[in-house]
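To keep things clear, I will list the structure first and then write my remarks on it.
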Amino acid sequence: MIEKEAIRNRIIKLRDQLTTFNYQYYVLSSPTISDYEFDNLLKELETLEKENPEFDDSLSPTKRVGSDIISSFNQYQHKYPMLSLGNTYSKEELTDFFDRVEKGAGLKPNYVCELKFDGVAISLTYEKGRLVRAVTRGDGNVGDDVTENVKTINSIPLVLMGSGYPDFFEIRGEIVMPFESFENINKDRVEQGQEPFANSRNAASGSVKMLNPKEVAKRKLDCFLYYIQGDNMSFNSHYQNMEAARRWGFKIPDSMVIADSPDKVFDFIEYWDKNRDTLPYAIDGVVLKVDDYLVQQELGFTAKNPRWAISYKFKADQAKTKLLSIDYQVGRTGAITPVANLEPVLLAGTTVRRASLHNADQIELHDIRINDYVFVEKGGEIIPKIVGVDTTLRAEDSPKTDYITSCPECGTLLIREDGEAKHFCPNTKTCPPQIVGRIVHFISRKAMNIDGLGEETVDLLYKKNLILDITDLYRLKAEDIAVLEGLGEKSANAIIDGVLESKNIPFERVLFALGIRFVGETVAKKLARSVGDIWKLRLMNIEQLIEIDEIGVKIAQSIVDYFADDYNNRLVDDLIAFGLNFESSEDDVSRSEILKGLTFVITGTFEKFSREEIKEMIEKNGGKNSSSISKKTSYLIAGKNVGPAKMDKVVKLEVKILSEDEFLQLID
Ligand code: IVH
């Protein structure tokens, strides 16, 4: 009994600690422990919870990884309807708003100035300090219960910290996807043959509505809170209640300020209109709220909006410039992307020279013609886009843009498959950018990681007829490379060494490197680990392939098509003959990333393993070895007989020490 009590106490302590560490990391952005230490505590908690199911808690920090797949979302009626805000783009209308407020309230109130986050609105309900529900806005009255997905967002507290919160309250905010995650997700989507999200708002709202919480957990969403309603709020001031909510663990934006006059509000607007590009996530304006609840009550609501708040939207940064010409780029898969060359123009602090035109439909839609004056805009997107044409400036005889019908690089007639937005050049074998693109993909860091070779060198080697496909990399001779302009003996040797080393790259990465359409990094890993080798994979049909977890018809079809082609089979045979890995080893399967980002120094003598063996284990688990102790050292693995000089340095730099056994536990 006493033991059970001790376990319960340990579980509670771990949950508390993890909640605090999580808050420091995700809300305050100032972690106090390493990821490794965090993971260790989490693992300890996981084990204790598994062994003692009577102490389980659906809001334990272990539950952030995402629950099982949901079949559909339950509908939930909001206790307080989720109203939207009146909005304006003009400073005059804003002055009208201030006048209305002052007249209605009979005084000059303080305004809380906030950013208008461009994501998806969420309402979170807490009872006795615990998250009980997260509901989307829906139609304002009824929304989707997305609690399981929201639990995966690390900056949202599952259990509150501190004290003084009402027994029941609802807090509202915006779930956003920071630009960094947005770009990574879009890159992955393109790699897997999916349409990229148009902007981070769509990406955030798409993510919140996914039926697999484990996938949502990977989306790296964030959440800012901006409105609270509850039974007995402590203050009559919106600002003070938000500050209190910050102390309970919510991410209340640091940008929130209180302004005691309309002039101060205009200063806030001006500052953020200029500086919004510095934020790591999208905003599309500011929101202004009367601070005092009593004044808010006095003003009340219209049918749709509160009279005490308004949003002022920034105009999307736009510029007008001349379209000089259209380039058609051919990607490694043969997809054609039209790109506009513009007369250079300043837009949101950067000079814009090019803008993507996406595809033929886009050009058609806006009837974009060469020599037109076009409007370029930088919205939530990173790459500027053309949003329209100033037709008043168009010459009368200006011809309509005829989309190209043949490949600009090899002349082959383009095709456009049903349901595809893009045109493709079907000449995969001899179209130069497709060949070079495939080689560049093959050597890239996540594929064969061939050091010493970059896009420019590949281009040069191709132009000199030294590499005409990926197999030629393994036929290169140092003396042929050394004579090329800008290369020399040293670079030539580095290239040859890199090529030779790539023969050790595991099968899953070789498979990714082949560049089979829709077989991205994750799919390649999955295939390599479940099928085992290329010989089996080559013989599989669509039915067998779709049996594999996460492999759908589109991917399966693409694999079957790839191996139905003689050219590809010859290429693979050549690579087999050159000694590349086409079989998963036990080793690949046991590889892990648990030591990713950690640097180790090994010292002394060990009992169970040799130093070399320990070094190898570190690498196999994604860690790095280093020979000397520095600020960057994460751990010193100390055996027996550690020299005093090393120990001194360890103490001085506060490097943590692991024994051999502790290290083994860590990678277990
Ligand atoms: S306050 C009753 N504050 O903009 C007031 N909304 O049309 C409730 N939004 O649906 C909203 N940033 O999704 C508020 N700082 C902020 C906001 C904000 C973004 C969104 C929210 C709302 C819409 C208003």
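A few points about this structure:
- Total residues in the range 407-422, condition surrounded by 14 or more Cβ atoms within 10 Å (Cβ to Cβ), within 26 Å of residue 196 (Cα to Cα) and not charged (D, E, K, R): 3
- Residue list for the range 96-107, filter: surrounded by 14 or more Cβ atoms within 10 Å (Cβ to Cβ) and either within 41 Å of the chain's Cα centre (by Cα) or among the hydrophobic types (A, V, I, L, M, F, W, C) (or both): 97, 98, 101, 105
- The set of residues in the range 528-559 that are touching a helix residue (DSSP H, G or I) at 6+ places or on another chain (Cβ under 8 Å), assigned to a helix (DSSP H, G or I) and either buried (at least 19 other Cβ atoms within 10 Å of the Cβ) or of a type in the set (Lys, Arg) (or both) comprises 528, 529, 531, 534, 537, 538, 545, 555, 556, 559.
- The range 134-187 - residue that is in contact with a strand residue (DSSP E or B) (Cβ under 8 Å, 6 or more places away or on another chain) and among the aromatic types (Phe, Trp, Tyr) and, of those, surrounded by the fewest Cβ atoms within 10 Å (Cβ to Cβ): 168
- Taken together, 254, 277, 267, 273 contain a single residue that is in a loop (DSSP other than H, G, I, E, B), closer than 17 Å to residue 116 by Cα and of a type in the set (Asp, Glu), which is 254.
- Single condition residue 9 does not satisfy, out of (1) more than 26 Å from residue 150 (Cβ to Cβ); (2) surrounded by 15 or more Cβ atoms within 10 Å (Cβ to Cβ): (2)
- Residue within the range 164-177 that is more than 30 Å from residue 30 (Cα to Cα) and more than 16 Å from the ligand (Cβ to nearest atom) present: no
- Residues in the range 655-668 that are part of a loop (DSSP other than H, G, I, E, B) and over 18 Å from residue 596 (Cβ atoms) were compared, and the one that is modelled with the highest pLDDT is 659.
- Residue pairs meeting the criteria (Cβ under 7 Å; at least 6 apart or on separate chains; first in contact (Cβ under 8 Å) with a residue 24 or more places away in the chain, in the range 547-568; second among the polar types (S, T, N, Q)): 562/568; 563/569
- In the range 113-147, the qualifying residues are those that are touching a Pro at 6+ places or on another chain (Cβ under 9 Å) and modelled with pLDDT under 95, and the one that is nearest to the ligand (Cβ to nearest atom) is 140.
Let's see how each residue does on (1) touching a residue at least 40 places away in the same chain (Cβ under 8 Å); (2) more than 16 Å from residue 569 (Cβ to Cβ):
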| position | (1), (2) |
| --- | --- |
| 523 | yes, yes |
| 528 | yes, yes |
| 540 | no, no |
| 545 | no, yes |
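- Subset tally (residues that are within 16 Å of the ligand (Cβ to nearest atom), part of a loop (DSSP other than H, G, I, E, B) and free of Cβ contacts under 8 Å to residues at least 12 places away in the same chain) for the range 202-241: 0
- Some residue of the range 66-87 being acidic (Asp, Glu), surrounded by fewer than 20 Cβ atoms within 10 Å (Cβ to Cβ) and either farther than 30 Å from residue 267 by Cα or within 30 Å of the chain's Cα centre (by Cα) (or both): yes
- For the range 82-100, the set of residues classified as of a type outside the set (Val, Ile, Thr), away from the ligand (no atom under 16 Å from the Cβ) and assigned to a helix (DSSP H, G or I) consists of 91, 92, 96, 98, 99, 100, listed by residue number.
- From the options 258, 252, residue that is over 24 Å from residue 138 (Cβ atoms) and away from the ligand (no atom under 13 Å from the Cβ): 258
- Of 103, 79, 108, all but one fail to be at pLDDT 95 or above and outside any helix (DSSP H, G or I); the exception is 108.
Results for (1) within 30 Å of residue 599 (Cα to Cα); (2) of a type in the set (A, V, I, L, M, F, W, C), shown as yes or no for each residue.
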{"residue": "13", "(1), (2)": "yes, no"}
{"residue": "22", "(1), (2)": "yes, no"}
{"residue": "29", "(1), (2)": "yes, no"}
{"residue": "33", "(1), (2)": "yes, yes"}
{"residue": "48", "(1), (2)": "yes, yes"}
{"residue": "74", "(1), (2)": "no, no"}
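- Screening residue 329 against (1) under 26 Å from residue 177 (Cβ atoms); (2) more than 13 Å from the ligand (Cβ to nearest atom); (3) surrounded by fewer than 18 Cβ atoms within 10 Å (Cβ to Cβ) leaves a single unmet condition, (1).
The values are calculated or read from the model by the stated rules, or taken from the named source; none is laboratory data. In this text, all values refer to a predicted model and were calculated from it rather than measured experimentally. Every residue, glycine as well, gets a Cβ built from its backbone with ideal geometry; the counts of neighbours run over all protein chains shown.
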